[in-house]
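Novice: Submitted below is the structure of interest, expressed as structure tokens.
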There are 2 protein chains.
Amino acid sequence: MAPETDDRPHHDVSFLADLDLVGEVSLGTSDRDEHATDWGTDEADAVRPDAVVYPESTADVAAVVAAANERGVPVTAYAAGTGLESNAAPLHAGISMDMTRMDAIHEIRPDDLQVDVGPGAIGADVDEAVARHGLFFPPLPSSGDISTIGGMIATDASGMRTVKYGEVADWLLELEVVLADGSVTTVGSKAAKTSAGYNLKDLIVGSEGTLAIVTRATLELAGRPEQIKGGRAVFPTLDDATAAISDAVTAGVDVAKIELFDAETAMLANAYSDAALPERPMVFVEFHANHGIDDEIAFCRTVFEAHNVEQFEMASGERMDELWQARKDITYAAEAYDPDREMGQPGDVTVPIGSYPEMIRAVKDVAAEYDLFVPCFGHAGDGNLHYFVLRDPDDPEEVARAEAAYGELVERALELGGTATGEHGIGAGKRKYLEPEHGAAAVGAMRAIKQALDPRGTLNPGKVVPDER
Amino acid sequence: MAPETDDRPHHDVSFLADLDLVGEVSLGTSDRDEHATDWGTDEADAVRPDAVVYPESTADVAAVVAAANERGVPVTAYAAGTGLESNAAPLHAGISMDMTRMDAIHEIRPDDLQVDVGPGAIGADVDEAVARHGLFFPPLPSSGDISTIGGMIATDASGMRTVKYGEVADWLLELEVVLADGSVTTVGSKAAKTSAGYNLKDLIVGSEGTLAIVTRATLELAGRPEQIKGGRAVFPTLDDATAAISDAVTAGVDVAKIELFDAETAMLANAYSDAALPERPMVFVEFHANHGIDDEIAFCRTVFEAHNVEQFEMASGERMDELWQARKDITYAAEAYDPDREMGQPGDVTVPIGSYPEMIRAVKDVAAEYDLFVPCFGHAGDGNLHYFVLRDPDDPEEVARAEAAYGELVERALELGGTATGEHGIGAGKRKYLEPEHGAAAVGAMRAIKQALDPRGTLNPGKVVPDER
């Protein structure tokens, strides 16, 4: 919801009525309010777009972008609104381009291991459709039940299965996109690999709709594994748990997921459900194989035993799901934990795997120093750490303290050679870390690219590289 | 070697003498001649650079690029010169920046699974250095014994092991680069994943030194597999062989390499060595595992048996190397095959895997139609097909016929949704296919990016996107 007083400059969008669109144009206040924020937008910063367009075809998107570009009206692509860094909330009003009706699963080509989908397709729906052919979309993040393929592309998403299968970007073959002037093109290739020309595809991935709007994506698929097992291992100390993870990755244990909980996160989980977890550091693992899965699990157990593992329970089917439930619920648990406290922006730093234990110690040190509760967990196999810096929104001093602690952790990750954001995108939320992370020359190059591909600043202006409006 | 009469515009490079470089500047004719071509340059097109610089530090590269950029003098990075599309041969003379002395293996960080290397480091030397820590660089192409990491980055290289491990690009974490104005920056991150800002790293990969010159690369590594086995399977028909490969990939047989030979390629191999291959279609496979490798081989055999496999021999160690030798020697065999005929530019099309049999049929049809000998082979698991269109260089009619056949095969690959070049880069050799493959809007975007990052056209001008000089 946009604030009552939204006094930033707005735009004349009456030209939308003259376009011959299949999709709907909405000028309603509640629709516009809904598109002023995503999960990561601070309400105080929300800007209500002047119109919401629901395109139903590539031609709709192209017509709107071309007309808006001519008139200097911003266009910001929007979909499920589940972004965590205010990636899809417009900073300069204009048009919110809601892609959710372009959710078709256009064509499944099992022999090519490919599917063509609209950007509004929900990840889980794609997975379900291709499952009928014995296939799956390996890098699907855990938000895939609610987030769209377009949003995953826009934020360069990844998730639990990235440790085995890589990121969403690694499974994108070809994108159809609308450029800032309204022209339509494809980037990438339906071939599994290409070295023909500049890699525009991976430039557009993660650009949050600032360089182009994706209207169709060809995804690569894989055969569903015959065997899936997983479960939970409990360790006496965090150092044991992180050393076990590091050794497992280095030794090549073939895990499909490997996730860490610190004791505080286990505490959150217990408060939320009847999971009755031991309140100690633990590692969730999942294995995918076509045969020999028990050998792989035994290999993993051997590595974990060298690090004093106390419990090691693996299962399949429902029991596996039970063992994993606490990990799946963690965001809800953090929201529910303390009625007086909000969880704030989730941390998403990623560091070289050898520095993961040090990053976790930094979380503990910063939590103690700032006297805050900071449960942490994450995609440990990739060095990706999430954490919540809980704070009382009615206590400005505590909010300030939480923000300072949050910033210090990002700085610590950068010092360790890491990144401010491993998988949530830079959005509006983390723009201030872009230059500290990449340096002025690299940000200058990014700005030059934005200027080259979107000279009028039409597409999601102000995101990724701060604009100079 | 540059031709006797090289009448294109050349440049005054006397400013190089005033730069305070650690590395050497060479104005010698033989040095300059050597840098006029790489393996893919047609001698008739060779342009002798005006100077060769052998930088020994990032500061050397930056100083030369900055000074050249001010003066409008082209700078083209060069290394092993093994490119197949004239990627590193200067089109507009100027300075050839020979990176081979920047070949240090700076730092191996086993706990991070990372190594920092100079761009001139030979792939096999990197692999050997990290082997002492039980690690390897998984995507190393088969040219890795002679080609450099910088060249692999410049051409977006991949190879036999890509079917399991992905491309070189997938294992690059961070690059230090010199931009066209001489500024130095890093792109990417030492973290295993990042979604912070535009992906400049993958834009620079495959850009053949037209957007930046790489001065240092952080590579990701993996633990060496405990078990390696491989060998050869022979099939009665090409259709059987390609169907077996397709099924193996779709079913998730965990191959580290899977390579096809047609009967004609087996014939080349027999003429070159005493391999005594059956002159029938065959598939070379290699498996990497930490345990259970024989189960995986049995799984593969089951899939191959459903496609009438006639011989299936797998081994380890020396016997495996013997079984694979013909595949490793194929380029030399093609060169040696017919003393009257050259092999020409090797084809490098890649198509969606479901269309691989159709692409191979196209090769056979075109060979018959044009009355040419066109042995084909390739990285079948990725849909990547190589072929040689043999031609007599002294027979202009046959050369013209071979060129026409070559072009028709690229067009056929594009019609099948494929790419003109899977792993050799676009270079000078395949620029004419860039727009047919990607369309005018995408090439326009590429040109805009080149203009934004290298407004004076200093870096390897004329490559990838044809310049407008």
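The values are calculated or read from the model by the stated rules, or taken from the named source; none is laboratory data. Computed from a prediction, not measured in an experiment: that's the story for all the values here. Every residue, glycine as well, gets a Cβ built from its backbone with ideal geometry; the counts of neighbours run over all protein chains shown.
Novice: Considering only residues of the stretch A:201-215 that are in contact with a Lys or Arg (Cβ under 9 Å, 6 or more places away or on another chain) and facing chain B (nearest Cβ under 7 Å), which is nearest to B:Y198 (Cα to Cα)? Outline the logic, then answer.
Specialist: Step one: list which residues in the stretch A:201-215 are in contact with a Lys or Arg (Cβ under 9 Å, 6 or more places away or on another chain), which gives A:202, A:207-211.
If we keep only those that are facing chain B (nearest Cβ under 7 Å) as well, we get A:202, A:207.
Details: A:D202: 9, A:S207: 6 Å.
Across the stretch A:201-215, the extreme among qualifying residues is A:S207.
Novice: Does B:G422 qualify as being farther than 30 Å from A:A452 by Cβ, within 10 Å of chain A (Cβ to nearest Cβ) and touching a residue at least 60 places away in the same chain (Cβ under 8 Å)? Before you say what the answer is, go through the steps one by one.
Specialist: Working: farther than 30 Å from A:A452 by Cβ: no; within 10 Å of chain A (Cβ to nearest Cβ): yes; touching a residue at least 60 places away in the same chain (Cβ under 8 Å): yes.
Taking the combined requirement at face value, the residue does not satisfy it.
Novice: Among the residues that make up the stretch A:400-412, is at least one of them in a loop (DSSP other than H, G, I, E, B), modelled with pLDDT of 95 or more and away from chain B (no Cβ under 14 Å)? So that I can check it myself, show each step before the final result.
Specialist: Taking the stretch A:400-412 and keeping what is in a loop (DSSP other than H, G, I, E, B), we get none.
No, there is no match, as no residue in the stretch A:400-412 is in a loop (DSSP other than H, G, I, E, B), modelled with pLDDT of 95 or more and away from chain B (no Cβ under 14 Å).
Novice: Can you pull out every residue in the stretch B:22-38 that is surrounded by fewer than 19 Cβ atoms within 10 Å (Cβ to Cβ) and part of a loop (DSSP other than H, G, I, E, B)?
Specialist: Scanning the stretch B:22-38 gives B:V22, B:L27, B:G28.
Novice: Could you list, in sequence order, the residues of the stretch B:107-127 that are within 14 Å of chain A (Cβ to nearest Cβ) and in contact with a strand residue (DSSP E or B) (Cβ under 9 Å, 6 or more places away or on another chain)?
Specialist: Our first condition is that a residue be within 14 Å of chain A (Cβ to nearest Cβ); within the stretch B:107-127, this holds for B:107-116.
Listed by number, the residues that qualify are B:E107, B:I108, B:R109, B:P110, B:D112, B:L113, B:Q114, B:V115, B:D116.
Novice: Here's a follow-up. Within the stretch B:216-225, identify whether any single residue is within 8 Å of chain A (Cβ to nearest Cβ), more than 22 Å from the chain's Cα centre (by Cα) and in contact (Cβ under 8 Å) with a residue 60 or more places away in the chain, and answer yes or no. Reasoning before the result, please.
Specialist: In the first step, residues of the stretch B:216-225 are kept if they are within 8 Å of chain A (Cβ to nearest Cβ); the result is B:222-223, B:225.
Applying the additional criterion that residues be more than 22 Å from the chain's Cα centre (by Cα) yields B:223, B:225.
With in contact (Cβ under 8 Å) with a residue 60 or more places away in the chain added as a condition, the list becomes B:223, B:225.
There is at least one residue in the stretch B:216-225 that is within 8 Å of chain A (Cβ to nearest Cβ), more than 22 Å from the chain's Cα centre (by Cα) and in contact (Cβ under 8 Å) with a residue 60 or more places away in the chain.
Novice: When you check A:V253 against the structure, is it in a loop (DSSP other than H, G, I, E, B), in the same structural domain as A:T237 (by TED's automatic domain parsing), within 18 Å of A:M160 (Cβ to Cβ) and free of Cβ contacts under 8 Å to residues at least 60 places away in the same chain, yes or no? Give the derivation first.
Specialist: Values: in a loop (DSSP other than H, G, I, E, B): yes; in the same structural domain as A:T237 (by TED's automatic domain parsing): yes; within 18 Å of A:M160 (Cβ to Cβ): yes; free of Cβ contacts under 8 Å to residues at least 60 places away in the same chain: yes.
Yes, satisfied.
Novice: If a residue has to be under 20 Å from B:W39 (Cα atoms) and either within 12 Å of chain A (Cβ to nearest Cβ) or buried (at least 19 other Cβ atoms within 10 Å of the Cβ) (or both) to count, how many in the stretch B:128-159 make the cut?
Specialist: Here is the first cut: in the stretch B:128-159, the residues under 20 Å from B:W39 (Cα atoms) are B:140-159.
Still in the running and either within 12 Å of chain A (Cβ to nearest Cβ) or buried (at least 19 other Cβ atoms within 10 Å of the Cβ) (or both): B:140-141, B:143-144, B:147-159.
Going through the stretch B:128-159 one residue at a time, the tally reaches 17.
Novice: Name the residues in the stretch A:446-464 that are aliphatic (A, V, I, L, M), at the interface with chain B (Cβ under 7 Å from one of its Cβ atoms) and either in a helix (DSSP H, G or I) or on the phi < 0 side of the Ramachandran plot (or both), would you?
Specialist: Just the residues of the stretch A:446-464 that are aliphatic (A, V, I, L, M), to begin with: A:446, A:448-449, A:452-453, A:459, A:464.
From what is left, the residues that are at the interface with chain B (Cβ under 7 Å from one of its Cβ atoms) are A:446, A:448-449, A:452-453, A:464.
Hits for the stretch A:446-464 are A:M446, A:A448, A:I449, A:A452, A:L453.
Novice: Is it the case that B:G188 is at pLDDT 95 or above, at positive phi and more than 19 Å from the chain's Cα centre (by Cα)? Can you show your working first?
Specialist: Working: at pLDDT 95 or above: yes; at positive phi: yes; more than 19 Å from the chain's Cα centre (by Cα): yes.
Yes.
Novice: Of all residues in the stretch A:339-355, count the ones that are more than 13 Å from chain B (Cβ to nearest Cβ) and within 21 Å of B:D112 (Cα to Cα). Reasoning before the result, please.
Specialist: So the first thing to find is which residues in the stretch A:339-355 are more than 13 Å from chain B (Cβ to nearest Cβ), and the list is A:339-347.
Among the residues that remain, those that are also within 21 Å of B:D112 (Cα to Cα) are: none.
Looking only at that region, the number is 0.
Okay, residues lined up against (1) within 20 Å of the chain's Cα centre (by Cα); (2) within 14 Å of chain B (Cβ to nearest Cβ); (3) closer than 23 Å to A:G144 by Cβ:
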position	(1), (2), (3)
A:V309	no, no, no
A:G317	no, no, yes
A:P357	no, yes, no
A:D365	no, no, no
A:A368	no, no, no
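Novice: For the structure I just gave you, tell me whether B:T82 is hydroxyl-bearing (S, T, Y), away from every other protein chain (no Cβ under 14 Å), within 20 Å of the chain's Cα centre (by Cα) and not in a loop (DSSP other than H, G, I, E, B).
Specialist: Values: hydroxyl-bearing (S, T, Y): yes; away from every other protein chain (no Cβ under 14 Å): yes; within 20 Å of the chain's Cα centre (by Cα): yes; not in a loop (DSSP other than H, G, I, E, B): no.
Judged against the criteria, B:T82 is not a match.
Novice: Only residues that are surrounded by fewer than 21 Cβ atoms within 10 Å (Cβ to Cβ), in contact (Cβ under 8 Å) with a residue 40 or more places away in the chain and either among the aliphatic types (A, V, I, L, M) or in contact with a Gly (Cβ under 9 Å, 6 or more places away or on another chain) (or both): list them for the stretch A:64-75, please.
Specialist: A:A66, A:A67, A:G72
Novice: Does B:A233 meet the test of being touching a helix residue (DSSP H, G or I) at 6+ places or on another chain (Cβ under 9 Å) and farther than 25 Å from A:G197 by Cβ? Can you show your working first?
Specialist: Values: touching a helix residue (DSSP H, G or I) at 6+ places or on another chain (Cβ under 9 Å): yes; farther than 25 Å from A:G197 by Cβ: yes.
So B:A233 passes the test.
Novice: Quick check: is even one residue across the stretch B:327-334 more than 29 Å from A:R109 (Cα to Cα) and not in a helix (DSSP H, G or I)? Spell out how you get there, then give the answer.
Specialist: Keep residues of the stretch B:327-334 that are more than 29 Å from A:R109 (Cα to Cα), which gives B:327-334.
Subsequent filtering for residues that are not in a helix (DSSP H, G or I) retains B:329.
Yes, there is a match, as at least one residue in the stretch B:327-334 is more than 29 Å from A:R109 (Cα to Cα) and not in a helix (DSSP H, G or I).
Novice: Additional query: Mind checking whether some residue in the stretch A:431-445 is under 28 Å from A:R161 (Cβ atoms), in a loop (DSSP other than H, G, I, E, B), at the interface with chain B (Cβ under 10 Å from one of its Cβ atoms) and not small (G, A, S)? Show your work before the answer.
Specialist: Going through the stretch A:431-445, the residues under 28 Å from A:R161 (Cβ atoms) turn out to be A:433-434, A:437-438.
Then keep just the ones that are in a loop (DSSP other than H, G, I, E, B); that gives none.
No, because not a single residue in the stretch A:431-445 is under 28 Å from A:R161 (Cβ atoms), in a loop (DSSP other than H, G, I, E, B), at the interface with chain B (Cβ under 10 Å from one of its Cβ atoms) and not small (G, A, S).
Novice: Within the stretch A:336-344, does at least one residue satisfy the condition of being at pLDDT below 95 and assigned to a helix (DSSP H, G or I)?
Specialist: Residues of the stretch A:336-344 at pLDDT below 95: A:336-344.
Then keep just the ones that are assigned to a helix (DSSP H, G or I); that gives A:336.
Checked against the condition, which is being at pLDDT below 95 and assigned to a helix (DSSP H, G or I), the stretch A:336-344 yields at least one hit.
Novice: Anything in the stretch B:85-107 that is of a type in the set (D, E) and either surrounded by fewer than 23 Cβ atoms within 10 Å (Cβ to Cβ) or part of a loop (DSSP other than H, G, I, E, B) (or both)? List them, or say none.
Specialist: Going residue by residue through the stretch B:85-107, those that are of a type in the set (D, E) are B:85, B:98, B:103, B:107.
Within the stretch B:85-107, B:E85, B:D103, B:E107 meet the criteria.
Novice: Also: Limited to the stretch B:348-402, what total is found for residues that are among the small types (G, A, S) and in contact with a helix residue (DSSP H, G or I) (Cβ under 6 Å, 6 or more places away or on another chain)? Walk me through how you get there before you give the answer.
Specialist: Keep residues of the stretch B:348-402 that are among the small types (G, A, S), which gives B:354-355, B:362, B:367-368, B:378, B:380-381, B:383, B:400, B:402.
Right, trim to in contact with a helix residue (DSSP H, G or I) (Cβ under 6 Å, 6 or more places away or on another chain) and you get B:354, B:362, B:380-381, B:383.
Count: 5.
Novice: Pick from the stretch B:163-200 the residues that are of a type in the set (G, A, S) and under 30 Å from B:A380 (Cβ atoms): which of them is nearest to the other protein chains (Cβ to nearest Cβ)?
Specialist: Kept after step one, since they are of a type in the set (G, A, S), are these residues of the stretch B:163-200: B:166, B:169, B:180, B:182-183, B:188-189, B:191-192, B:195-197.
Retained after the next criterion (residues that are under 30 Å from B:A380 (Cβ atoms)): B:166, B:169, B:192.
Numbers: B:G166: 7, B:A169: 8, B:A192: 5 Å.
Selected residue: B:A192.
Novice: To continue, here is another question. Quick one: B:F15 ticks every box in (1) more than 25 Å from B:V117 (Cβ to Cβ); (2) under 29 Å from the mean Cα position of the chain (by Cα); (3) modelled with pLDDT of 90 or more bar one, so which box is it?
Specialist: B:F15 satisfies every listed condition except (2).
Novice: Shifting gears a bit: Among the residues of the stretch B:271-292, is there at least one that is outside the structural domain of B:V115 (by TED's automatic domain parsing), among the basic types (K, R) and either assigned to a loop (DSSP other than H, G, I, E, B) or surrounded by 24 or more Cβ atoms within 10 Å (Cβ to Cβ) (or both)? Steps first, please.
Specialist: Our first condition is that a residue be outside the structural domain of B:V115 (by TED's automatic domain parsing); within the stretch B:271-292, this holds for B:271-292.
Of the ones still in play, those that are also among the basic types (K, R) are B:280.
From the residues that got through so far, the ones that are either assigned to a loop (DSSP other than H, G, I, E, B) or surrounded by 24 or more Cβ atoms within 10 Å (Cβ to Cβ) (or both) too are B:280.
There is at least one residue in the stretch B:271-292 that is outside the structural domain of B:V115 (by TED's automatic domain parsing), among the basic types (K, R) and either assigned to a loop (DSSP other than H, G, I, E, B) or surrounded by 24 or more Cβ atoms within 10 Å (Cβ to Cβ) (or both).
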